[in-house]
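Below: one structure, written as structure tokens.
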Amino acid sequence: MDGAERKKDHGELKKMSAENTKENNIALEVTGISKAFGSTVVLKNVDFSLKKGEAISIIGSSGSGKTTLLRCLNFLETPDTGIIKVNGKVLLDASEMKSLSDEEIRKRRLHFGMVFQQFNLFPQYTALENVMLAPVLVDKKNKHDARSRAVELLSVMGLSDKTDRYPHELSGGQQQRVAIARALAMDPDILCFDEPTSALDPELTGEVLSVIRDLSSRHTTMIIVTHEMSFARDVSHQVLFMDSGIILERGTPDEVFGNPKEERTKAFLGSIDS
Ligand SMILES: Nc1ncnc2c1ncn2[C@@H]1O[C@H](COP(=O)(O)OP(=O)(O)OP(=O)(O)O)[C@@H](O)[C@H]1O
Ligand SMILES: [Mg+2]
């Protein structure tokens, strides 16, 4: 190899390494996700990606497909088309879904943690048991380790004094914080929230938003479907505006909230403000 070739080779290597680093930095890559329920097309060719340690907010009017998108990511719905890659590996290829066993689907689902609007805690278990359950049953962690991790997570959620309480003994905001601790206990690559505060009284909303804000400042990779616009503006690196099953507009919070380009986005943000 002569000097010129070596130089060229070096340049190629540098380029490949830069691409590799870029690729390594991507937690989630969603390509061409479509989903119909019967003749109702709910998601149309949805594409987006999310970097490690960053948060995306998804906003949009009721029925625009936000929950369905999260459910597809969590294997709770099967998309008709599309590919989902997590940390550079194909996790879901819609064309191959039929060949996956239930066990395999359960395993792949673990890449995502899901926090629902309605908390969905197990009523017969205490806060601590709710958080320990999946690590012990699904992850086969030993009880001692699962318990210490659950205690730690409940403490991060500001619930150290509630570990032995049952869900019915907790406020909605406290239940939602237990649900967040429960999702974190499985160490998901990506934490998804579907309107985590919309079932809460306004005075309890703040405490839940504050723990999510805290997670964001600790660089938790997150997707947040929310109607809390000022929260979305503060906490996210990227905002997606969904309309009738497509991502109509996307950008930084300043771009989407400060200078929306699409009429539909302007109308939506206007309706929320009023
Ligand atoms: N299992 C289902 N069967 C049939 N239609 C469904 C199903 N799930 C969702 N849909 C339809 O898909 C569309 C999108 O629903 P989705 O719940 O994803 O909207 P969304 O953006 O989350 O709305 P919201 O803000 O009200 O939660 C709606 O028209 C809904 O009726
Ligand atoms: Mg929804």
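Aspartates and glutamates near Lys140 by alpha-carbon distance under 12 Å, same-chain residues fewer than 8 away left out - which ones?
Straight-distance partners of Lys140: none at all.
Any chance you could run the full-extension gain for Asn45 through His219? It's 0.36 nm times the residue separation minus the Cα-Cα distance, nm to one decimal. Kindly include the intermediate steps, with their values, before the conclusion.
Values: separation 174, 0.36 × 174 = 62.64 nm, distance 2.84 nm.
That works out to 59.8 nm of additional length.
Kindly provide the helix-only [θ] at 222 nm of the chain, computed as the sum of -39,500 (n - 2.57) over DSSP H runs of four or more divided by all residues, to the nearest 500 deg cm²/dmol? Don't jump to the answer; show the numbers that get you there.
Values: 9 runs with 110 residues, N = 274.
That comes out to -12500 deg cm²/dmol.
Quick one: putting +1 on the C-beta of Lys and Arg, -1 on the C-beta of Asp and Glu, what dipole do you get for the chain around its Cα centre, in Debye to the nearest 20? Don't skip to the end; give the middle numbers.
Values: 35 positive and 40 negative charges, 118 e Å.
In total the dipole reaches around 560 debye.
Please go through the stretch 218-274 and write out the trypsin sites (Lys or Arg not before Pro) that DSSP classes as loop and that have at most 14 other C-beta atoms within 10 Å. Before the final figure, lay out each step's value.
On the way: sites: Arg218, Arg233, Arg250, Lys261, Arg264, Lys266; in loops: Arg218, Lys261.
For trypsin sites (Lys or Arg not before Pro) across the stretch 218-274 that sit outside H, G, I, E and B with at most 14 neighbouring Cβ atoms in 10 Å, the list reads Arg218, Lys261.
Among DSSP bridges having both ends in the chain, what percentage is antiparallel? Round to the nearest 5.
Numbers: 22 of 39 bridges.
If I count the DSSP bridges inside the chain, around 55 percent turn out antiparallel.
Step through the residues of the stretch 92-108 one at a time and calculate ³J(HN,Hα) from phi using the Karplus curve (6.51 cos²θ - 1.76 cosθ + 1.60, θ = phi - 60°), rounding each to whole Hz and writing x for Gly and Pro.
With the stated coefficients, the stretch 92-108 comes to 9, 10, 3, 6, 10, 4, 5, 7, 8, 6, 4, 4, 5, 5, 4, 5, 5 Hz.
Given H placed on each backbone N at 1.01 Å, which residues far from Asp80 in sequence or on other chains put an amide H within less than 5 Å of it?
Distant-sequence amide H within range of Asp80: Ser34, Lys35, Ala36.
Given H placed 1.01 Å from N in the peptide plane, which residues other than close sequence neighbours of Gly251 have an amide H under 5 Å from its amide H?
Those qualifying (amide H under 5 Å, at least 5 residues apart or on another chain) are Val239.
So what's the net charge close to Lys261: Lys and Arg +1, Asp and Glu -1, counting the other residues with Cβ under 14 Å from its Cβ?
Values: positive: Arg250, Arg264, Lys266; negative: Asp243, Glu249, Asp254, Glu255, Glu262, Glu263.
Residues near Lys261 contribute -3 overall.
Could you identify which residue out of Leu69, Leu137, Leu50 has the top mean-square fluctuation in a GNM of the chain using Cα springs shorter than 10 Å?
Judging by the Gaussian network model, the answer is Leu137.
For the stretch 122-187, what is the charge dipole size about the Cα centre, in debye to the nearest 20, if Lys and Arg each add +1 at the Cβ and Asp and Glu each add -1 at the Cβ?
On the way: 9 positive and 8 negative charges, 19 e Å.
So the dipole magnitude of the stretch 122-187 works out to roughly 100 debye.
Mind listing the long-range amide H neighbours of Thr226? Cut-off is under 5 Å, sequence gap 5 or more, other chains count too, H placed in the peptide plane at 1.01 Å from N.
Close amide H contacts, sequence-distant or interchain: Ile58, Glu195.
No value in this document is a laboratory result; all are computed from the given coordinates. Just so we're clear, the structure is a prediction, and the values are computed from it rather than from any experiment. Reconstructed Cβ throughout: ideal geometry from the backbone, glycine too, with neighbour counts over all protein chains shown.
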